[in-house]
Amino acid sequence: MTKHKEMNFWEQIGLVDMKLVKNSQNLMEFHTHLTAKLVGYPSAKEIFDEYTISNEEIQSLNVKTLMMVSKDDPIVSYSSMPLESLQKNENITFFETDRGGHLCWF
């Protein structure tokens, strides 16, 4: 099944309204109208709330972890990074760049 046919299928069974997806004004709307519907959440906010890591979870991380972020990432805002919490955990090596976008180092 091609991706185009899959999108039509999702719309045909009432799971996704492609008009809403196509008319999304921002990334949060896009994820609410498409991603959330496909994974069974009422909105993108509920997805992000469930999968946001807390400061307590960051502190309990006990394996060596490299975290790379770019200050110009259009998807994950640099200002949303819990920098103080990340710096407190000696298992986390936090690496930041001014440029790189979202996954653009690869």
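A short reminder: the numbers here are calculations on the coordinates, not readings from a lab. Quick caveat: nothing in here was measured; it's all calculated off a predicted structure.
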**Prompt:** At q = 0.17, 0.19 Å⁻¹, what is the log10 ratio I(q)/I(0) for region 54-97, with the Debye formula run over Cα points and no solvent?
**Reply:** -0.46, -0.57
**Asked** Mind listing the phi-derived Karplus ³J(HN,Hα) values for region 30-47, rounded to whole Hz, using 6.51, -1.76 and 1.60 with θ = phi - 60°, and x for any glycine or proline?
**Response** 4, 5, 5, 7, 10, 4, 4, 5, 6, 10, x, 10, x, 7, 5, 4, 5, 5
**Asked** Angle between the Cα long axis of helix 3-12 and the longest principal axis of the chain, 0 to 90 degrees, nearest 10?
**Response** 70
**Rel. contact order, % - alpha carbon contacts under 8 angstrom, at least six apart, region 54-97** = 54
**Request:** Give a residue-ordered list of calculated ³J(HN,Hα) values for region 58-68 (Karplus: 6.51 cos²θ - 1.76 cosθ + 1.60, θ = phi - 60°; whole Hz; x for Gly, Pro).
**Result:** 4, 5, 8, 5, 10, 10, 4, 9, 9, 10, 10
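When the Kirkwood radius is taken over all Cα pairs of the chain, what Stokes-Einstein diffusion coefficient follows at 25 °C and 0.890 mPa s, in µm²/s?
Working: Rh = 16.3 Å.
D = 151 µm²/s.
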**Prompt:** In sequence order, what are the phi-derived ³J(HN,Hα) couplings for region 82-94 according to the Karplus relation 6.51 cos²θ - 1.76 cosθ + 1.60 with θ = phi - 60°, rounded to whole Hz, with x for glycine and proline?
**Reply:** x, 4, 4, 5, 5, 6, 6, 8, 5, 7, 9, 9, 9
